[in-house]
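Undergrad: First, the structure itself, so that you have it in front of you.
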Amino acid sequence: MKWENINDLCDVVRETSFAIHAYHRNGHLEKVYERALANRLRKQGLGVEQQFALTVYDEDGATLGEYFADLFVEDCLIVEIKACKSITAEHVAQLLGYLKSSRVETGLLINFGAPKLYIKKFLMTSRE
């Protein structure tokens, strides 16, 4: 399924994350939340890849290597999952780096580790 509106896809991931946080609360390892989110999104019919290898490109298009996204949803959305007290600048920089170097436009940073769920969408638009 190809999503015409990335915001609709982000809404599904957001709502599913809230349901997971309401049930499991904070206190689990990151892997537990990754598996829970992948499981619930797949049950909704979404294509979800865990620890998905995304190619990292240099400015000139040369392939530099790869990194592994926690979740890659519907071939267009990177989901980076954390289970920590609070999100830091390094977490944001990590996702922005993933978006830029892999040339994927949209990413969600989700922290299940605090009493209040944190979700933020990030966009990386190309300047050609």
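Just so you know, all these numbers are worked out from the coordinates, no wet-lab data involved. Only a predicted model underlies this, so the values are computations on that prediction, with no experimental measurement involved. Backbone-built Cβ (ideal geometry, glycine too); neighbour counts: all protein chains shown.
Undergrad: Bin all alpha-carbon pair distances of the chain at 5 Å intervals from 0 and give each bin's fraction as a whole percent.
TA: Once binned at 5 Å, the Cα pair distances of the chain give 2, 11, 22, 24, 21, 12, 6, 2, 1, 0.
Undergrad: Report, for the chain, the % of DSSP beta bridges that are antiparallel, rounded to 5.
TA: If I count the DSSP bridges inside the chain, around 75 percent turn out antiparallel.
Undergrad: Can you return the lysines within cross-link range of Lys31? Criterion is Cα-Cα under 25 Å, with same-chain partners fewer than 8 residues away left out.
TA: Qualifying lysines at Cα under 25 Å: Lys43, Lys82, Lys85, Lys100, Lys116, Lys120, Lys121.
Undergrad: Amide H of Tyr118: which non-local residues (sequence gap of 5 or more, or other chain) have their own amide H closer than 5 Å, using H built in the peptide plane?
TA: The list, which skips near neighbours in sequence, is Asn111.
Undergrad: What list of ³J(HN,Hα) values in whole Hz, one per residue of segment 77-87 in order, does the Karplus curve 6.51 cos²θ - 1.76 cosθ + 1.60 (θ = phi - 60°) give from phi, with Gly and Pro shown as x?
TA: Working through the residues one at a time gives 9, 8, 10, 9, 10, 10, 9, 9, 4, 7, 7 Hz.
Undergrad: With a cut-off of at most 14 other beta carbons within 10 Å, and DSSP calling the residue loop, which GluC sites (Glu not before Pro) in segment 31-109 qualify? Please list them.
TA: Passing sites in segment 31-109 are Glu59.
Undergrad: Moving on. Please give the length that would be gained between Ile6 and Leu96 if that part of the chain were fully extended, namely 0.36 nm times their separation in residues minus their C-alpha to C-alpha distance (nm, one decimal).
TA: 30.7 nm
Undergrad: A further question on this structure: Loop only by DSSP, 11 or fewer other Cβ within 10 Å of the Cβ. Give me the trypsin sites (Lys or Arg not before Pro) in segment 40-128 that pass, ordered by residue number.
TA: Lys85, Lys116, Arg127
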